[in-house]
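Taking it in order: structure first as structure tokens, then the write-up.
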């Protein structure tokens, strides 16, 4: 069994002494994701695109509700029979990875797997202090949860003639709201 | 003249298909190289170490497999062992019947291609729907994937639009975005109706029992968010020793497979869903599948079991680019398939003994392999096996006369001397038109037979030359 350090698996010149949030936002943008820090900016973006009906984790809604206007319809219970009704889904992320622009979800933190997957727009609420620098650090921090998922940008495919199309089975728009 | 099967297939390939495969694989290869060399000072070191880790696993499967089984059981997972493809399929069917399940949604897994699971389940009255866009298209077309990572690299958008139309997925429209949206709309309701979600696993950590699954489309996540029962079919060689090793392998897999830094979805599954989570499987099964792998392990080609199914060797291979995946008549095409497929045939090895010969041994596959598999060496070993088993080889030039001369020193020396006659032949009067045409534009070099032997004699006693490199056979002994 070869002995090696996981530094080997860290991209060079990525983090340096830079702030993890800056790197995270930059890397997320490279995979066509969006990092925001202001809930008002999030609401403006949703309104602008007419994404007015969505699902929100009930534990997040009290803090977010004041930013949303009466033109929005937000449900805090998810009904799988109306999968196409939700234009957006807001759920908590347990963390993020700066190096790759990844958000980390797990069963304990994410209120509904489906709520984070089926809407066209997924908004993951990430705590700023929970951004890992790189993959080895994030692997070491997987924790005891039986289901952890790293999400790096919107769902995509290049199966048809190698042409990139976003929004295959999962979200076509991936937003991280860093708080 | 008859050719071996793979050559014949390549010769008859449609120009469209060849162009699609050539472009797709070339693009993939170029992006991969750029990414790796931009981001790592010494990317070769990564793949050498990854190769050593995986080789270690392959050689210690007997200790790792029981370790994984114990870990999975402790995590609440039901573990099954399947020696054959049939046993694996029966295990899946058994699980479905026990639950009264009739509908399965499937993520992409190569091992279920090996066992032809979807066909098997359909024959037994179950619905088994492929959800990866490429695999879905392959399924509705009754076709086979032609690439490990890009299953429909051989199809163009017009063919896809036509089959969507024929299958009631909307009027003809060949815009890739429309095609994707239609599949999204159709499949999301299928996930929600399904009883069982089937996936593979890219890695299984022996330390934690975590199954690691990488996808881009989100289909495997949908399978595991919508259904109540998760079945994972996993080849026994998929193990990595520790969670610690995962970062290294994930970095290499995404870059080698699709030239991404990380795939969109990387899932770590170590058991059924958490009790507080409303969505996801309450029951989880892992079926470890052998299907010929222990036979590969027992052979002198066991290095191929390191393979992490990235497809980089397909993309770079000049033969794959010209012949396309279907030429290999196997689940695994390209260089990895040329090694793995004949080995997995067991006694029927001769049926695919042509694959190892369809290679120029250029070594590009070895150079790009994220786990550093010496594919050209393995191809040579398989060629040797074919020779030892006297497998007929159509299309090989008749070498009998040459072999007779080359194996008898006296005859060989005589022929070298006698060959001088060529210098005096009136080549313009050659009786064979093709040779005459060749000679009309070129001049035949003067016969130099025997020169090497003369030179060798005169260099006796010169000791200050470096020794020749060890032969493959010697190098193998040294290992």
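Worth a mention:
- Rounded, prolate or oblate (a/c below 1.5 giving rounded, otherwise prolate when a/b exceeds b/c) for the stretch B:42-291 by Cα gyration tensor: oblate
- If R0 equals 60 Å, the separation of the Cβ atoms of residue A:53 and residue B:86 corresponds to a calculated FRET efficiency of about 0.80.
- Sorted by Cβ density within 10 Å, fewest first, the residues B:313, B:362, B:307: B:362, B:307, B:313
- Once the Cα atoms are used to define both axes, helix B:409-418 deviates from the longest principal axis of chain B by about 60 degrees.
- Inter-part distance where the stretch A:139-179 and the stretch B:298-344 are each reduced to a Cα centre, Å: 29
- The antiparallel fraction among DSSP beta bridges confined to the protein assembly as shown stands at about 30%.
- Approximating the spin labels as points 7 Å out from Cα along Cα→Cβ, the residue B:454-to-residue B:435 distance works out to 2.5 nm.
- For A:3, B:245, order by how many other beta-carbon atoms lie within 10 Å, fewest first: A:3, B:245
- The modelled label-to-label distance between residue B:299 and residue B:38, using points 7 Å beyond Cα along the C-beta direction, is 3.9 nm.
- Acute angle (nearest 10 degrees) that the helix B:246-258 long axis makes with the longest principal axis of chain B, alpha-carbon atoms: 70
- Counting only DSSP beta bridges with both residues in the stretch A:81-167, the antiparallel share comes to about 55 percent.
- Taking a ≥ b ≥ c as the square roots of the eigenvalues of the Cα gyration tensor, an a/c ratio below 1.5 marks the stretch A:15-178 as rounded.
- Centre-to-centre, using Cα atoms only, the stretch A:1-80 and the stretch A:90-135 are separated by 7 Å.
- Helix-only [θ]222 nm of chain B, DSSP H runs n ≥ 4, -39500 (n - 2.57) each, per residue, nearest 500: -15000 deg cm²/dmol
- Inter-site label distance for residue B:442 and residue B:18 at 7 Å from Cα along Cβ, in nm: 2.2
- Only helices enter this figure: runs of n ≥ 4 DSSP H residues, each worth -39500 (n - 2.57), summed and divided by the residues of chain A, yield -4500 deg cm²/dmol at 222 nm to the nearest 500.
- Degrees between helix B:15-39 axis and first principal axis of chain B (Cα, 0 to 90, nearest 10): 80
- A:31, A:74 arranged by Cβ crowding within 10 Å, fewest neighbours leading: A:74, A:31
- Percent antiparallel among DSSP beta bridges (both partners in chain B, rounded to 5): 20
- The protein assembly as shown: C-alpha gyration tensor shape, a/c 1.5 cut-off, then a/b vs b/c: prolate
Any read-out appearing in this document is the output of simple, stated calculations on the displayed coordinates, not a laboratory observation. The structure presented is a predicted model; accordingly, all values stated were derived computationally and were not measured. Reconstructed Cβ throughout: ideal geometry from the backbone, glycine too, with neighbour counts over all protein chains shown.
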